[in-house]
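The values are calculated or read from the model by the stated rules, or taken from the named source; none is laboratory data. This structure is a prediction, so every number in the text was calculated from the model and none was measured. Calculation scope for accessible area: heavy atoms of the full protein, side chains included, ligands and nucleic acids excluded. Shrake-Rupley method; radii C 1.70, N 1.55, O 1.52, S 1.80 Å.
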Amino acid sequence: MKKAVYEKNVHKYQISDAPKCDEHLVHLDSVRTSMPKLLPVDKAQEMAEVFALLVDPSRLRLSSTASI
């Protein structure tokens, strides 16, 4: 993309009248109660590996024959 077109597009999305948040809120009580419910890293890794296998249509078709 040419520089002039890029700068025009960037400027279009930099609206100074847009509302801004001046305060950063963190609800610590909610964070603390949610933490024990998070999936452990090792379990998440195992699940990600399984889902990665299922992404490939050929592998999914082959694995579906195991359930027949």
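Details
- Options D56, D17; residue that is at pLDDT 65 or above, open to solvent by 100 Å² or more (accessible area, probe 1.4 Å) and on the phi < 0 side of the Ramachandran plot: D17
- Members of region 32-49 found to be open to solvent by 80 Å² or more (accessible area, probe 1.4 Å) and of a type in the set (A, V, I, L, M), listed by number: M35, L38, L39, V41
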